[in-house]
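Taking it in order: structure first as structure tokens, then the write-up.
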Amino acid sequence: MEKPLSAEDLVPLVDRLSPHERLRLLRLISLRPSGSDRDAYRAVPPGNGEFSSDTDALAWDADGWENIG
């Protein structure tokens, strides 16, 4: 098992974040502990490339539908 990161390990990583990324991190951290993914994405919506894919999204739904009905 890997050793958990300490605060000293995290500070340099946070220093490298852009101001926008720092704000997003702060918002995600400040959510109440029982917050859900829904709450997190409401606080900071996903960016354009966050869920990008090289495959055609419509192709995912096309396979197998010919056998229904």
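The values are calculated or read from the model by the stated rules, or taken from the named source; none is laboratory data. Worth saying up front: this structure is predicted, and the values here are computed from it rather than measured. No Cβ is skipped: glycine too gets one built from the backbone with ideal geometry, and neighbour counts run over all protein chains shown. Areas reflect the complete protein model, heavy atoms only, side chains present, ligands, DNA and RNA absent. Shrake-Rupley method; radii C 1.70, N 1.55, O 1.52, S 1.80 Å.
Below, the figures for the structure above:
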item	result
Where a residue in region 3-15 is closer than 15 Å to LEU25 by Cα and its partner, wherever it lies, is open to solvent by 80 Å² or more (accessible area, probe 1.4 Å) and of a type in the set (D, E, K, R), with Cβ under 8 Å and at least six apart	VAL14/ARG22
Test: ARG38 is exposed (fewer than 10 other Cβ atoms within 10 Å of the Cβ) and at pLDDT 75 or above	yes
Within region 8-35, tally of residues that are exposed (fewer than 10 other Cβ atoms within 10 Å of the Cβ) and either touching a Leu at 6+ places or on another chain (Cβ under 8 Å) or at pLDDT below 85 (or both)	5
